[in-house]
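The values are calculated or read from the model by the stated rules, or taken from the named source; none is laboratory data. Since this is a predicted model, take the numbers as computed values, not measurements. Cβ placement follows ideal geometry from the backbone for every residue including glycine, while neighbour counts extend to all protein chains displayed.
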Amino acid sequence: MGPAADEPTGALDSRAGHSLLSYLRDTATQRAQTIVMVTHDPNAAAYADRALILEKGEVRWEGPIAVLEADEAVRRAWLTV
């Protein structure tokens, strides 16, 4: 497994956050590594291939980020956690 990032954009402005997330995405692709990122920010999560939504230590939803972005019910569930 590759690096882990806990709220990597939490203290960054949107421009710096975008640069960091793009760097993580590109690095993961180039090195064929997994990056584990914990975030409450749907915009940051959009850089991922897959997402897990946790609630009280339990996996509430798991799947491709494209489904999360496309499925209104799943997106609402995420935003209420």
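Can you give me the number of residues within region 20-48 that are among the acidic types (Asp, Glu) and modelled with pLDDT under 90?
1
So Ala73 passes all but one of these: (1) surrounded by 12 or more Cβ atoms within 10 Å (Cβ to Cβ); (2) modelled with pLDDT under 85. Which condition number does it fail?
Just one mismatch for Ala73, condition (1).
Which one is nearest to Ala70 (Cα to Cα) among residues in region 1-50 that are outside any helix (DSSP H, G or I) and acidic (Asp, Glu)?
Across region 1-50, the extreme among qualifying residues is Asp49.
Please tell me if Leu52 is aliphatic (A, V, I, L, M) and modelled with pLDDT of 90 or more. Talk me through it step by step, then tell me what you get.
Details: aliphatic (A, V, I, L, M): yes; modelled with pLDDT of 90 or more: no.
Answer is no for this residue.
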